[in-house]
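Reviewing the structure listed below.
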Protein chains: 2
Amino acid sequence: MTDLYLDFLCPYAWRGVELAAVLRAEGEPFRLRHYSLVEGNHPDNAGARTWQITAQAAPAGGEGGWQEQSLQAFLAAQAAALQGEEARWAFTLALLRARHEARQDLNEPAFAQAAQDAGLDLERWAQDRADDVARRADLRAELDAAAEIGVFGTPTFVLPDGAAAYYRFEHLTRDPAVARERWSLYRTVLGSEAGIGTIKRAKHRPAK
Amino acid sequence: MTDLYLDFLCPYAWRGVELAAVLRAEGEPFRLRHYSLVEGNHPDNAGARTWQITAQAAPAGGEGGWQEQSLQAFLAAQAAALQGEEARWAFTLALLRARHEARQDLNEPAFAQAAQDAGLDLERWAQDRADDVARRADLRAELDAAAEIGVFGTPTFVLPDGAAAYYRFEHLTRDPAVARERWSLYRTVLGSEAGIGTIKRAKHRPAK
């Protein structure tokens with residue numbers, strides 16, 4: 001089982017989940033998990049981790065800034081996850097596509113549409129969302145697991161052998177052959193006898 | 001021609017230069033270039049680049065802290081480079097091995113030994129080093145080129161097509177077959193249709 005850490009804010013996470021969805025359809029096991037970019041990059045967490053997104057207010061519907069939107073998206077997805085792994089995948093894909101393909105905000109209409117697209121039991125989903133304390137606890141457990149692994153960006157894949165790395169790419173694919181090739185390349189890099197820690201492209205900066 | 005940006009302070013740069021040296025012996029063209037980690041990571045350069053290592057004092061022999069040692073190492077290597085690309089490679093490898101295999105400081109005895117091991121014309125090398133203003137200008141040109149490319153760590157390889165990325169690995173190799181495989185994997189990642197920007201391993205952090 002490979003864990004895939006995602007944040008709904010992140011277009012790279014969206015592409016990573018699409019990649020995993022293709023591979024999953026072919027029998028490769030993946031499990032979705034949450035990592036918060038807002039929490040991970042918060043200035044108060046530069047040293048010891050003291051600032052937690054799960055302790056912040058979140059106006060209903062994800063109105064407000066990215067912090068509030070991402071927290072509400074996580075909590076809505078945690079409620080979806082209570083209806084099983086398939087429900088979690090369907091809701092997550094629907095909401096990521098709404099955000100990154102349709103360029104919608106992460107707000108109540110987007111959550112409701114994703115829940116409907118995913119075929120959730122809507123009444124049960126609403127009840128589970130209403131138990132905000134429990135959903136925040138579920139989310140906290142995943143964010144704490146991510147922190148312990150050292151996740152710093154999304155998507156990060158944690159392989160069955162414990163190897164874990166951020167995998168950032170620009171181009172979406174839903175083609176199984178292409179998806180397999182991308183996944184094989186990532187696995188080859190992590191498994192190389194070289195002990196590769198990083199391959200990171202330089203970003204051209206114009207002269208002063 | 002592939003440019004390889006290095007800093008003598010960096011053990012990953014050392015392994016990268018060893019990799020390139022093996023490939024170069026088999027006919028793959030590489031050229032050595034300097035990037036300064038001290039300058040790149042200097043807090044005054046977080047926004048606009050204003051702090052230049054080439055404008056700093058450097059006590060003779062690289063005594064003092066890492067900043068002074070790295071500056072003197074760069075300038076000694078720039079003087080070696082005036083004796084040709086082969087001389088630059090030989091001096092660079094000798095000095096990187098002194099630092100990262102023999103754990104020596106980057107100081108005058110290390111520079112003199114590297115110059116001798118590299119078979120430099122020692123008198124000419126001393127004269128070229130004495131022209132400190134010119135050597136700093138040579139170094140500045142390489143550091144400015146690195147900044148424009150967006151180099152942020154070493155080793156960074158800049159391929160003939162302009163693709164450039166940091167390539168960090170833990171295990172030294174001088175085996176041609178292994179070196180070819182590592183280089184091929186790096187090229188495959190950069191050339192992938194996915195548009196891979198980053199593969200970066202997470203570093204496990206124990207729970208609080």
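The values are calculated or read from the model by the stated rules, or taken from the named source; none is laboratory data. For clarity, every value in this text was computed on a predicted model and none was experimentally measured. Positions of Cβ are backbone-derived with ideal geometry, glycine not excepted, and every protein chain shown enters the neighbour counts. Accessible surface is based on the protein model in full, side chains and every heavy atom, while ligands, DNA and RNA are left aside. Shrake-Rupley method; radii C 1.70, N 1.55, O 1.52, S 1.80 Å.
I'd like the FRET efficiency for B:Arg124 and B:Arg31, computed as 1/(1 + (r/R0)^6) with the beta carbon distance as r and R0 of 22 Å, rounded to 0.05. Walk me through the numbers before you get to the answer.
Values: r = 21 Å, r/R0 = 0.97.
Taking R0 as 22 Å, the efficiency between B:Arg124 and B:Arg31 is 0.55.
Build a GNM of chain B with springs between Cα atoms under 10 Å: which of B:Ala25, B:Ala179, B:Ala130 gets the top mean-square fluctuation?
Answer for the Gaussian network model of chain B: B:Ala25.
For A:Lys203, what accessible area in Å² do you get when you roll a 1.4 Å probe over the heavy atoms of the protein chains, rounding to the nearest 10?
Approximately 140 Å² of A:Lys203 is accessible to the 1.4 Å probe.
For chain A, modelled as a GNM with alpha-carbon contacts under 10 angstrom, which of A:Thr173, A:Thr92, A:Thr198 fluctuates the most?
Highest fluctuation among the options: A:Thr198.
Using DSSP to define loop residues, name the GluC sites (Glu not before Pro) in segment A:82-154 whose beta-carbon has at most 16 other beta-carbon atoms within 10 Å. Spell out each step's value before the answer.
On the way: sites: A:Glu85, A:Glu86, A:Glu101, A:Glu123, A:Glu142, A:Glu148; in loops: A:Glu101.
Of the GluC sites (Glu not before Pro), the ones in loops of segment A:82-154 whose Cβ has at most 16 other Cβ atoms within 10 Å are A:Glu101.
What are the residues whose amide H is under 5 Å from the amide H of B:Phe30, where those residues sit 5 or more places off or on another chain and H is modelled from the backbone?
It is B:Thr2, by chain and number.
I need the calculated FRET efficiency for the pair B:Ser192 and A:Thr50, taking r as the beta carbon distance and R₀ as 35 Å, to the nearest 0.05. Spell out each step's value before the answer.
Working: r = 39 Å, r/R0 = 1.11.
Given R0 = 35 Å and the Cβ-Cβ separation, E is 0.35.
Between the alpha-carbon centers of segment A:184-201 and segment B:20-60, tell me the distance in whole angstrom.
Answer, in whole Å: 24.
Considering only DSSP beta bridges with both partners in segment B:2-191, what is the antiparallel share in %, to the nearest 5? If you can, show how the numbers build up before the last one.
Working: 6 of 11 bridges.
Expressed as a percentage, antiparallel bridges in segment B:2-191 total about 55.
Taking +1 at the Cβ of each Lys and Arg and -1 at the Cβ of each Asp and Glu, which of A:Ala141, A:Tyr166, A:Leu75 sits farthest along the dipole of segment A:72-174 towards its positive end, judged by Cα position relative to the Cα centre?
Projecting each Cα onto the dipole axis, the largest value belongs to A:Tyr166.
Residue separation times 0.36 nm, minus the C-alpha to C-alpha distance between B:Lys203 and B:Glu86: what's the value? Write out the running numbers ahead of the final one.
Details: separation 117, 0.36 × 117 = 42.12 nm, distance 3.81 nm.
Between B:Lys203 and B:Glu86, full extension yields 38.3 nm more.
Summarise the accessible area of chain B (1.4 Å probe, protein heavy atoms) by the percent that is carbon and sulfur. Present the calculation step by step, with values, prior to reporting the outcome.
Values: 4430 of 8810 Å².
Ligands and nucleic acids excluded, carbon and sulfur reach 50 percent.
Over chain A, what relative contact order in percent results from Cα pairs under 8 Å that are six or more residues apart?
On the way: 274 pairs, mean separation 59.6, N = 208.
The normalised contact order for chain A reaches 29 percent.
Could you pull out every residue, at least 5 positions away or on a different chain, whose amide H is within less than 5 Å of the one on A:Gly197? Hs are placed 1.01 Å off N in the peptide plane, and Pro or chain starts have none.
Excluding prolines and chain starts, which carry no amide H, the hits are B:Arg168, B:Phe169, B:Glu170.
Under a plain spin-label model, where a point goes 7 Å from the Cα along Cα-to-Cβ, how far apart in nm are A:Arg180 and A:Ala134?
Roughly 4.2 nm, to one decimal.
How big a patch of accessible area, both sides summed and in Å² to the nearest 100, lies buried between A and B at a 1.4 Å probe?
Summing both chains' loss of accessible area gives about 4100 Å².
Rolling a 1.4 Å sphere over the protein heavy atoms, what is the accessible area per residue of segment A:2-191, to the nearest Å²? The partial results should precede the final answer.
Values: 7640 Å² over 190 residues.
So segment A:2-191 comes to 40 Å² accessible per residue, rounded to a whole number.
Loop-only GluC sites (Glu not before Pro) in segment A:1-39, please: DSSP not H, G, I, E or B, and at most 13 other Cβ atoms within 10 Å. Intermediate values should be presented prior to the final figure.
Working: sites: A:Glu18, A:Glu26, A:Glu39; in loops: A:Glu26.
Counting only loop positions with at most 13 other Cβ atoms within 10 Å, the GluC sites (Glu not before Pro) in segment A:1-39 are A:Glu26.
Could you pull the Cα extents of chain B along its three principal axes, largest to smallest, in whole Å?
Extents along the principal axes: 50, 42, 37 Å.
Under the definition of partner shielding as Cβ atoms of other protein chains within 10 Å of a residue Cβ, what is the mean value for peptide A:164-177? Mind dumping the intermediate values first?
Details: counts 5, 5, 6, 6, 7, 9, 5, 5, 2, 2, 0, 0, 0, 0.
Mean shielding by partner chains, rounded to a whole number: 4.
Of the candidates A:Gln104, A:Gln127, A:Gln69, which one comes out as most mobile in a Gaussian network treatment of chain A with C-alpha springs shorter than 10 Å?
Judging by the Gaussian network model, the answer is A:Gln127.
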